[in-house]
Amino acid sequence: MNNIVAIVGRPNVGKSTFFNRLIQRREAIVDSVSGVTRDRNYGKSEWNGKEFSVIDTGGYVKGSDDIFEGEIRRQVELAIDEADAIVFVVDVEEGITPMDDEVAKLLRKVKKPVILVVNKVDNAMREKDAVEFYNLGLGDYFTISGMSGSGTGELLDKIVEVLPELPDAVEEENPLPRFCVVGRPNAGKSSFINALIGEDRFVVTDIAGTTRDAIDTKYNRFGFEFNLVDTAGIRRKAKVKEDLEFYSVMRSVRAIEHSDVCLLVIDATRGFEGQDQSIFWLAEKNRKGIVILVNKWDLVEKDTMSTRDYERKIREEIAPFTDVPILFVSALTKQRLLKALETAVEVFENRKQRISTSKFNELMLPIIEATPPPALKGKYIKIKYCMQLPTPTPQFVFFANLPQYVKDPYKRFIENKLRENYNFSGVPIDIYFRQK
Ligand code: GDP
Ligand code: GDP
């Protein structure tokens, strides 16, 4: 689980420029594995060995001047709810605008760390101009040029300094699976949870403002013990019902990061849409287990749409990671709830499994020998040895003489063979090639 840093501010101050700078180096690594760049508004950053997640709130509502002030206000409120630290970006070229004042007013009340960043300070003159931002009443500020990168080092020092310590010991003590139920508004998340565990859920008091919380509540249903992750975002969903991608993604980040397996609830009558996809990617990017629940199946005319057609459509949307269980459920008629829970537990087990090095080599080396990586520039690639790494999520390393010559199609071939022989259903896996 990571701390979450949210970048807020009005349009065109340079939020996405700064965001891209933050996630750049890391993203390059992640993408070489998955082969795809996905969510442009959410990423991981690392500084001085501390990893954290970054959300560019502006990226979701790409603004021009006609952007509603209310829109910005809601973004900031969401950031306040969901993030551990807030970076408020302003623009020295423009100076303080009324909208900046509005945002500052909201942020002055926040107990979480708020860092004021004056952007576009490209030269020494502008350094002096930045002084006016003291008037926002947020105290000291950092000056940066998101474009050139100057000033970002000191800013990052500050960001990792103010982030709260994470209780990572909890993970070891708590062997129960942690599930979260995510999805767009009205997909039926609350109905599903209620159907599964009854109305006694979420009787916790709403401790808004102190929301460092992702609360695990322990349940035992159908003989399975598990924790359900509850976050401020999920509890307070009644307040925000906007059907915008930004909100459902933002509301899901903490729950997803905090869980082992995500139950992604989609609305059968709407199909698998952009928002569903974004949440799916969020889970995949965090290497969480995933089960897709096609809810409200009771409403679907069965002769027009077979489960097989429906499934195929979803798999097209989630490619290349298609080895994911898809279940057709109804929170209303309580159809296949047990199956959903069973599957989530199975995915949890799949994600935890450890394959012994000898068994793994016994399986993979003959496969590799029969279908070796294609030679490149007249050079033959030899893979001599492989193993699963002792990491929290499944990662496999293959030692080769020329690892840099192994291309993505071959990685996919290896992954497919792995999935054919072991049950990694619902689990993202990583495959690396390293120098022997
Ligand atoms: P956002 O709407 O807040 O995400 O803003 P963008 O990152 O899209 O940037 C808005 C404009 O400001 C773009 O034209 C950027 O090139 C420009 N910009 C961003 N950072 C800087 C900077 O440090 N200096 C200058 N001069 N321009 C910048
Ligand atoms: P959430 O916003 O994702 O938590 O969605 P809710 O649980 O509040 O459900 C949204 C609406 O869909 C409510 O009116 C529910 O009664 C309805 N609903 C939820 N699940 C089902 C289902 O399986 N079948 C039908 N027909 N309606 C459902």
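The values are calculated or read from the model by the stated rules, or taken from the named source; none is laboratory data. Please read these numbers as outputs of a predicted model, since none were measured by experiment. Here Cβ is always computed from backbone atoms with ideal geometry, including for glycine, and neighbour counts include all displayed protein chains.
Would it be correct to say that Lys411 is part of a helix (DSSP H, G or I) and on the phi < 0 side of the Ramachandran plot? Spelling it out, Lys411 is indeed part of a helix (DSSP H, G or I) and on the phi < 0 side of the Ramachandran plot.
Residues considered: Glu415, Glu369. Of these, the only one that is out of contact with any Phe, Trp or Tyr (no Cβ under 7 Å at 6 or more places or on another chain) and free of Cβ contacts under 8 Å to residues at least 12 places away in the same chain is Glu369. Here is the figure for the range 324-341: residues that are over 14 Å from Val265 (Cβ atoms), without any contact (Cβ under 8 Å) to a residue 40 or more places away in the chain and either within 12 Å of ligand 2 (Cβ to nearest atom) or aromatic (Phe, Trp, Tyr) (or both) total 1.
Within the range 342-355, the presence of at least one residue that is farther than 30 Å from Ile266 by Cβ and either within 32 Å of the chain's Cα centre (by Cα) or among the small types (Gly, Ala, Ser) (or both) is confirmed. Output the residue which, of all residues in the range 382-409 that are hydrophobic (A, V, I, L, M, F, W, C) and farther than 17 Å from Asn361 by Cβ, is surrounded by the fewest Cβ atoms within 10 Å (Cβ to Cβ). For the range 382-409, the residue satisfying everything is Leu402. At least 3 residues being modelled with pLDDT under 95 and surrounded by 13 or more Cβ atoms within 10 Å (Cβ to Cβ) is the threshold, and among the strands (runs of 3 or more DSSP E) wholly inside the range 35-153 those reaching it are 42-47, 50-56.
Note on the range 1-18: residues that are of a type outside the set (Gly, Ala, Ser) and either assigned to a strand (DSSP E or B) or more than 13 Å from ligand 1 (Cβ to nearest atom) (or both) amount to 7.
Answer yes or no as to whether Ile431 is surrounded by 14 or more Cβ atoms within 10 Å (Cβ to Cβ) and farther than 30 Å from Ser259 by Cα. So Ile431 does not fit the description; no.
To keep it simple, each residue is scored yes or no on (1) modelled with pLDDT under 85; (2) more than 16 Å from ligand 1 (Cβ to nearest atom); (3) among the basic types (Lys, Arg); (4) not in a loop (DSSP other than H, G, I, E, B).
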residue	(1), (2), (3), (4)
Ala187	no, yes, no, no
Phe192	no, yes, no, yes
Ala195	no, yes, no, yes
Glu199	yes, yes, no, no
Val204	yes, yes, no, no
Ile207	yes, yes, no, no
Ile215	yes, yes, no, yes
Lys218	yes, yes, yes, yes
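Of all residues in the range 245-302, which are among the polar types (S, T, N, Q), more than 21 Å from Ser330 (Cα to Cα) and at pLDDT 90 or above? Those that are among the polar types (S, T, N, Q), more than 21 Å from Ser330 (Cα to Cα) and at pLDDT 90 or above: Ser259, Asn286.
Within the range 286-323, if we keep just the residues that are within 16 Å of ligand 2 (Cβ to nearest atom) and without any contact (Cβ under 8 Å) to a residue 12 or more places away in the chain, the residue that is surrounded by the fewest Cβ atoms within 10 Å (Cβ to Cβ) turns out to be Glu301.
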